[in-house]
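Please read the structure below before turning to the comments.
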Amino acid sequence: MQQVGPQELAKPESRRDFLRMMKRRPAEQPPAAPVSSSASSPASSPSSSASAHWDPAMARVAPPSPWADARVRLVRRATYGPRAADIADVRAVGYQRWLNDQVTMRIDDSTVDAEVAARWPNLSRNGIDLVNVNAGTLRAELQAATLHRATFSRRQLYERMVEFWTDHFSIDIEKVGYLKVLDDREVIRKHALGKFSDLLKASAKSPAMLAYLDQNLSRAGAPNQNYVRELMELHTLGVDGGYTQQDVDELARVFTGWTIAGAGDFAFNASRHDFGAKTVLGTTIPATSPSIGAEGVKEGELMLDVLLKHPSTGRFLATKLLKWFVTPEPTTEQIDAVAGAYRATGGDIKRMVRATLNEGWLAQAPLKLKRPFHLVASALRGTSAVVANISGSVNSVTALGQPLFLWDTPDGFPDLMEYWVGNITPRWSYATSLASSNSATTVRVNVAPYLTGTPDAALDRLNAEMFGGEMAPATRDQLRAYLTGGTFNETRMREALSLAMCGHDFQWF
């Protein structure tokens, strides 16, 4: 790219000038990307060379100075983008009341519920009805409904937690088909802000999870370890949580017989269960007789309780929640506090989330780069887009590298800046495409309200709708220079909207 000098940076008159400035603005420039992830290869891991050069300090990006209001920072982290109405709400009721309303879900979301039910009716059907529905149709409906809810739901924190748990209990829909539709409804959404014990136990008996990790193939004499290994490594204890390969071997025997029946039902097949003695994490399960039949399922249920009570589980979940909402490098004090909420409440997710979204911690939190799903949802929200058909926006999420429910390994999409930050040019292209959208049958961004006054009035509106009223002065100066650099009309306003979405203070949150 051609080098530009400071004087050129101060007065952009073309879209290219603006993008140059956003890329070179030193005061707010995020660190350079060590990796370039390909949008066409979304499931690939960061390159080994990138990992070798990764510096954790790069994850700490300070917010712009105008981001001083803790209430607005809460809305940024707990939603898919602060809209003017959200900011008005939090300023009216205060930090704690707004957070409490979101955590307890005392918010009417019936409009969105009705829209989802009407537009994607398969998502409320049972397994018997879904068996013969085209897999591609079901996948498209689930992806569309998920993006629709993230964009338009008033229960924004709940949707953020649905995304969190979808990655925590990640399942590739390509392998399990309609079972993932049932898992999304009966496991993830049902328990996203409930008790972790209920969530874990529902996942353990989810036919989608059992099929995805081959638990349905496990039997006495040939126990499959895929599910139980992820149960300890990814779902409860964490990879450093204190278990051994011997624990994996024994736990696989415990869960023999856990399988699937009918059209998406859990079943315990006693004829496949290993009734011999086992010892897992110091807990001994004595040998029993096959004559106890279905009672054999209680061995696995006992071990789920052992895992839930293990001290590593609370700390593992606390660390992940803190990274999701607050910082890539949580302190021991922060982890202790959130893990303490887990122990004190028996794994109440609401209480853990409340502890995580600590007002003092959030005020000091470094910026996070929006993942593609977050970016697209926040762009639709910030532009007040009228969405008649959201499938094109789902395609954009896929093109940006995050095809929903299609991550092929059980660890979920990375929650790491270095994985996503190299994808900046496609993100800018998406912003341009959305800002120019003006279709009554797909997506329409109406810029007419911006054109009723002066460029400064348009910027005031843009600041309120997309930046929570905290647009960085440098961004405002550059956008103003662009808007006043030619005829103030619909074309220039759409371009300014695109440039605003390309800016650091929109790409990060």
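The values are calculated or read from the model by the stated rules, or taken from the named source; none is laboratory data. From a predicted model like this one, the values you see are computed outputs, not experimental measurements. As a convention, Cβ positions derive from the backbone with ideal geometry for all residues, glycine included, and neighbour counts pool all protein chains shown. Just so you know, the surface numbers come from the protein's heavy atoms only, side chains and all, with ligands and any DNA or RNA stripped out. Shrake-Rupley method; radii C 1.70, N 1.55, O 1.52, S 1.80 Å.
Could you compute the net charge surrounding Thr151? Neighbours are other residues with a C-beta less than 15 Å from the C-beta of Thr151; K and R count +1, D and E count -1.
Within the 15 Å Cβ shell, the charges total +3.
In this simple spin-label model, placing a label point 7 Å from the Cα along the Cα-to-Cβ direction at both Asn134 and Ala270 gives a separation of 4.5 nm.
Count charges around Thr319 for me, please; just the other residues with Cβ under 13 Å from its Cβ, Lys/Arg as +1, Asp/Glu as -1. Mind showing how you got there, number by number?
Values: positive: Arg315, Lys320, Lys323; negative: Asp240, Glu329, Glu333, Asp336, Asp415.
Charge balance near Thr319 sits at -2.
On the beta carbon distance between Asp249 and Arg119, with R0 = 41 Å, the FRET formula returns roughly 0.30.
Specify whether the C-alpha gyration tensor of segment 207-302 places it in the rounded, prolate or oblate class, a ≥ b ≥ c being the square roots of the eigenvalues: rounded for a/c under 1.5, otherwise prolate if a/b is larger than b/c and oblate if not. Taking the square roots of the gyration eigenvalues as a ≥ b ≥ c, segment 207-302 is oblate. The residue among Val306, Ala202, Leu400 whose Cα reaches farthest toward the positive pole of the charge dipole of the chain, with charges on the beta-carbon of Lys, Arg, Asp and Glu, is Leu400.
The overall shape of segment 256-314 is oblate: from the C-alpha gyration tensor, with semi-axes ordered a ≥ b ≥ c, the ratio a/c is 1.5 or greater and a/b is no larger than b/c.
Summing -39500 (n - 2.57) over the DSSP H runs of n ≥ 4 in the chain and dividing by its residue number, what mean residue ellipticity at 222 nm do you reach, to the nearest 500 deg cm²/dmol? Provide the component values of the computation, followed by the final result.
Working: 29 runs with 264 residues, N = 509.
-14500 deg cm²/dmol, from helical runs alone.
Under 5 Å between amide hydrogens, built in the peptide plane, is the criterion, and for Trp258 it picks out Asn269 among residues at least 5 positions away or on other chains.
So for segment 52-178, averaging the separation of alpha carbon pairs under 8 Å that are six or more residues apart and normalising by length, what relative contact order in percent results?
Values: 76 pairs, mean separation 34.8, N = 127.
Relative contact order here is 27 percent.
Rounded to the nearest Hz, the phi-derived 3J(HN,Hα) couplings of segment 86-92 under the Karplus curve 6.51 cos²θ - 1.76 cosθ + 1.60 (θ = phi - 60°) are 5, 5, 4, 4, 5, 6, 6, where x marks glycine and proline.
Listed peptides 243-250, 364-371 appear in the order 364-371, 243-250 once ranked by packing, highest mean of other Cβ atoms within 10 Å at the front. Summed over the residues of the chain and divided among them, the accessible surface reaches 40 Å² per residue at a probe radius of 1.4 Å. Normalised by the number of residues in the chain, the average gap of Cα pairs under 8 Å and 6 or more apart makes the relative contact order 23 percent. The residues packed around Ala377, meaning those with a beta-carbon under 12 Å from its beta-carbon, carry a net charge of +4 if Lys and Arg are +1 and Asp and Glu are -1. Close amide H contacts of Ile285 (hydrogens built in the peptide plane, cut-off under 5 Å, sequence separation of 5 or more or a different chain): Lys278, Thr279, Val280.
The length gained on full extension between Ala62 and Thr487, counted as 0.36 nm times the residue separation minus their Cα-Cα distance, comes to 149.4 nm. Full extension of the chain between Thr111 and Gln364 gives 87.5 nm of extra length, using 0.36 nm per residue less the Cα-Cα distance. Annotation: lysines with alpha-carbon distance below 30 angstrom to Lys205 (same-chain offsets under eight excluded): Lys175, Lys180, Lys190, Lys195, Lys278, Lys298, Lys309, Lys320, Lys323, Lys350. Quick one: grab the alpha carbon gyration tensor of segment 339-426, order the square roots of its eigenvalues as a ≥ b ≥ c, and give me rounded if a/c is under 1.5, else prolate or oblate depending on whether a/b is larger than b/c. Here segment 339-426 falls in the prolate category. Rounded to the nearest 20, the size of the Cβ-charge dipole of segment 166-219 about its Cα centre is 240 debye, with Lys and Arg at +1 and Asp and Glu at -1.
Leaving out ligands, DNA and RNA, what percent of the accessible area of the chain is carbon and sulfur, probe 1.4 Å? Answer for the chain: carbon and sulfur cover 51 percent of the accessible area.
About its Cα centre, how strong a charge dipole does segment 100-184 have in debye, to the nearest 20, once Lys and Arg get +1 and Asp and Glu get -1 at the Cβ? If you can, show how the numbers build up before the last one.
Values: 10 positive and 14 negative charges, 13 e Å.
In total the dipole reaches around 60 debye.
Extension gain for the segment Asp415 to Ala220, taken as residue separation times 0.36 nm less the Cα-Cα distance, is 66.5 nm to one decimal. The residue among Gly453, Phe467, Gln364 whose Cα reaches farthest toward the positive pole of the charge dipole of segment 362-493, with charges on the beta-carbon of Lys, Arg, Asp and Glu, is Gly453.
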